[in-house]
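What follows is a set of notes on a single structure, which appears directly below.
The values are calculated or read from the model by the stated rules, or taken from the named source; none is laboratory data. Just so it is clear, the model here is predicted, and its values are computed rather than measured. Here the Cβ is made from the backbone with ideal geometry for all residues, glycine too, and neighbour counts use every protein chain on show. When the accessible area is computed, the model is the full protein with side chains, heavy atoms only, and any ligands, DNA or RNA have been set aside. Shrake-Rupley method; radii C 1.70, N 1.55, O 1.52, S 1.80 Å.
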Amino acid sequence: MAQIFMCCVFACIAVVPLVTASGIFINRLPWRITSVNGFSWANCDAETLPGKIKTLAILPDPLCIPGEITVSTILNTTVPLTSPVKIIVTAEKELMGEWLKIPCLDNLGSCTYDDFCDILDQLIQPGLPCPEPLHTYGIPCHCPFPDGSYYLPVSSFEIPSLSIPSWFTKGNYRIKIVVNHLDQEIGCAKLTFALSGSYL
């Protein structure tokens, strides 16, 4: 559960370079993120679901890119998760006071991932130790995820320069992430942030 929420929470930062490394750019105008501002989060289910974020801190604010990010979090699940784990992401951008849904393009935007366990297996080869700092703190990086509490103390990561599709331009964004297992909603989180950047 922890790695599922971690990957969702940092999708805009951690997954983008994996996707854009393939050279996919909408409108052929690559755009570089220079900062992420005003990040906030909330459980969107009144904390009644089995999986929830207990604490999440991301510093600094604004986060300059490239640069160092410091993360700490406590994630909880009262049910174990096995494959398949479906994740539904709804991404919206504010435009002239209205929130517009961003379509799913090249696995970015409002997308549904039918089995996040498969994605984890593609990113991290099964059988190898989980990358740091997950390995040090005993946080799994593959399914199944046992029930319990997952704690990541303050940890620092280097964020590289990111070039992303031009439709992800500067502005205010909000993202809703729903985690389902066996047709049961396990967790739901809402993220808000603002992006700044420039065209290359």
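Tell me the accessible surface of CYS104 in square angstrom (1.4 angstrom probe, heavy atoms of protein chains only), to the nearest ten.
Estimated to the nearest 10 Å², CYS104 gives 60 Å².
What do you get for Rg/Rh of the range 80-142 when both radii come from the Cα atoms and Rh is the Kirkwood radius?
Ratio value, two decimals: 1.13.
Ordering HIS135, HIS142 by accessible area with a probe of 1.4 Å, largest first, what comes out?
HIS135, HIS142
How far apart, in nm, are two points set 7 Å out from the Cα along the Cα-to-Cβ line at LEU123 and at THR78?
The answer from the label model is 2.7 nm.
Ignoring ligands, DNA and RNA, what percent of the 1.4 Å accessible area of the range 81-121 is carbon and sulfur?
Answer for the range 81-121 is 53 percent, counting heavy atoms of protein chains only.
Tell me the volume per residue, in Å³, of the convex hull enclosing the alpha carbons of the range 43-116. Please list the in-between numbers first.
Working: hull volume 12.3 nm³, N = 74.
Cα convex hull per residue, to the nearest whole number: 166 Å³.
Could you compute how fast the range 111-195 diffuses translationally, taking Rh as the Kirkwood radius over C-alpha pairs and applying Stokes-Einstein at 20 °C with viscosity 1.002 mPa s? Give it in µm² per second.
134 µm²/s
Expected output is a single nm value to one decimal: the length gained when fully extending between TYR137 and GLU94, i.e. 0.36 nm times separation in residues minus the C-alpha distance. What is it?
Taking 0.36 nm per residue and subtracting the Cα distance, the gain is 11.7 nm.
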